[in-house]
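The next block holds one structure in the form of structure tokens; read it before the comments.
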Amino acid sequence: MNLFFHSPLTTYHSPLKMIIARILGTVVSTQKDERLHGKKLLIVKPINLDGSDQSGYVVAVDTVGAGFHEKVLVVGGSSARLAEGNKDMPVDSAIVGVIDSFEVNEKE
Amino acid sequence: MNLFFHSPLTTYHSPLKMIIARILGTVVSTQKDERLHGKKLLIVKPINLDGSDQSGYVVAVDTVGAGFHEKVLVVGGSSARLAEGNKDMPVDSAIVGVIDSFEVNEKE
Amino acid sequence: MNLFFHSPLTTYHSPLKMIIARILGTVVSTQKDERLHGKKLLIVKPINLDGSDQSGYVVAVDTVGAGFHEKVLVVGGSSARLAEGNKDMPVDSAIVGVIDSFEVNEKE
Amino acid sequence: MNLFFHSPLTTYHSPLKMIIARILGTVVSTQKDERLHGKKLLIVKPINLDGSDQSGYVVAVDTVGAGFHEKVLVVGGSSARLAEGNKDMPVDSAIVGVIDSFEVNEKE
Amino acid sequence: MNLFFHSPLTTYHSPLKMIIARILGTVVSTQKDERLHGKKLLIVKPINLDGSDQSGYVVAVDTVGAGFHEKVLVVGGSSARLAEGNKDMPVDSAIVGVIDSFEVNEKE
């Protein structure tokens, strides 16, 4: 049962939004808001600090030319529209950085 | 018990919002904010990447003429008001694209 | 145990916000932000598509003259301030429509 | 086990935000954004409609001179900045009213 | 099982956002939105009022020169852009204060 519960129950749904995710796939949409034309819609998977996946996914607009399976910084809400090239776009998630590394110091 | 718990516990409530959903139904409202008149209010169901439904639903304004049971891209929050025709409208979810397909490459 | 878990675990906390709720009660507040004076603060309960209640509640400003126990459309976030009469008000949920009916076509 | 699970599982995390809470404590911060100087930062605990506590807490700026353990109306997001005196402040929760009473009529 | 479930199930995902967290680590990103250059991206862990960690994490921009493992006040959403130096930045979480102490008076 632990295994069954582990993933969803330890997934954190942050109310504060900015998280680390990995690029998982792409979304193809022809019939869409005209402001979305030419935008790269990627499926990203939030990850935990141990590198494991969180459940679920988010569709985010890539604004930094991130590569497949790279770890990225994803912002949500109105902030996503402040990412390069997203002004006034109807999007609420955007990739704003490629993460080289992140370092965590657990309680000493 | 697994079956009972499976659906709700594996549903992800993204803090980053932009997700894939399918159109499930319609909402009829006569007495409403005047800016909502003539707007198509659809009930959409968020889906997982394996195509299965997530629990729950969202009411979203259709801005792209999406068809019944089509998979759509839904945005939330203030971004919903930037969708075509939603300027200054009291709505916080909007369908901004019809999804032709999406591709996911799980960890190799 | 199923009964005990059923309600909360099958409640969906949409990240996309616009949902259907029923009016459950009222909030009385004398000492409040002056912009809230004269506003009707209602307690609404989000409902599932089968008409059952979700757990919890939200306090929303009524902007359409909704009646007791009516089903209403509730928006959240900055969109709530775009509802009739809510401009620049410190509120983040508003009732923007009374729902006559909603129709859901489950997977055929 | 019921007791153990009861509180967190029956807590509702509203996507629509405006809720009732009680004032639980205070936060002291000297080194902070200059716009926060002179602001009263309170720890509030969301409550259920039966008056019981929800789990967790929120830090909110008091804008109405609420008293200890009083029930208050708390708004979140950008709406918090529209509360008296919060213009352009980096805060996302604010107490906008002291609640005298609230009345709930369950399904008849 | 209690131990296993305790942390995630008692974690509160506030819809009202402003919370207390401790600084846990740093994120290094070279390829990012140009407005993020020179900004300190920290990994913070929300904490409960008893000082224990909540599960998960958030990436936040430090705007007050917070020190390692210090307790900080974190805001989310558009409010994060109102923190010192964050104007028009594509970020949705920011550290806006270092917390000297916080005091909680449980129900007497």
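Placing +1 at every Lys and Arg Cβ and -1 at every Asp and Glu Cβ, with all other atoms neutral, what dipole size does the range A:37-108 have around its Cα centre, in debye to the nearest 20?
400
Which peptide among A:23-36, D:59-72 comes first, and what is the full order, when sorted by highest mean count of other Cβ atoms within 10 Å?
Per-residue mean Cβ counts within 10 Å order the peptides as D:59-72, A:23-36.
Quick check: the distance between the Cα centres of the range C:41-69 and the range D:45-88, to the nearest angstrom?
Taking the Cα centre of each part, the range C:41-69 and the range D:45-88 sit 20 Å apart.
What nm distance separates the two modelled labels at residue D:30 and residue D:88, each placed 7 Å from Cα along Cα→Cβ?
2.8
From the phi angles alone, apply the Karplus equation (6.51, -1.76, 1.60; θ = phi - 60°) to the range B:65-82 and give each ³J(HN,Hα) in whole Hz, x where the residue is Gly or Pro.
x, 6, x, 4, 6, 5, 7, 10, 9, 10, 10, x, x, 5, 4, 4, 7, 8
For a 19 Å ceiling on Cα separation, which of these pairs sit above it: D:40/E:40; C:40/D:40; C:39/D:17; A:87/E:45; A:39/E:40?
From the list (D:40/E:40; C:40/D:40; C:39/D:17; A:87/E:45; A:39/E:40), the Cα-Cα distance tops 19 Å for D:40/E:40; C:40/D:40; A:87/E:45; A:39/E:40.
Got the relative contact order for the range A:13-108 handy, in percent, Cα pairs under 8 Å and 6 or more residues apart?
Result for the range A:13-108 is 28 percent.
Which net charge results for the neighbourhood of residue A:87, defined as the other residues with beta-carbon distances under 11 angstrom from its beta-carbon, given Lys and Arg at +1 and Asp and Glu at -1?
-1
Do me a favour and compute the ellipsoid semi-axes for the range A:14-108 from its Cα gyration tensor, root of five times each eigenvalue, largest one first, whole Å.
25, 14, 11
For residue C:21, what charge total do you get from the other residues with a beta carbon under 11 Å from its beta carbon, if Lys and Arg give +1 and Asp and Glu give -1?
Counting the neighbours of residue C:21, the net charge comes to +1.
Residues of E:18-24, mean number of Cβ from any other protein chain within 10 Å of their own Cβ, rounded to a whole number?
Per residue, the number of nearby Cβ atoms from other chains is 6 on average.
Determine which aspartates and glutamates satisfy two conditions relative to residue D:32: a Cα distance under 17 Å, and not lying fewer than 8 residues away in the same chain.
D:62, D:88, D:92, E:62, E:70, E:84, E:100
Here, each number is a calculation from the coordinates, and none is a lab measurement. Here the structure is a predicted model, which is why all the values come from computation and not from measurement. Cβ atoms come from the backbone with ideal geometry, glycine included; neighbour counts cover every protein chain shown.
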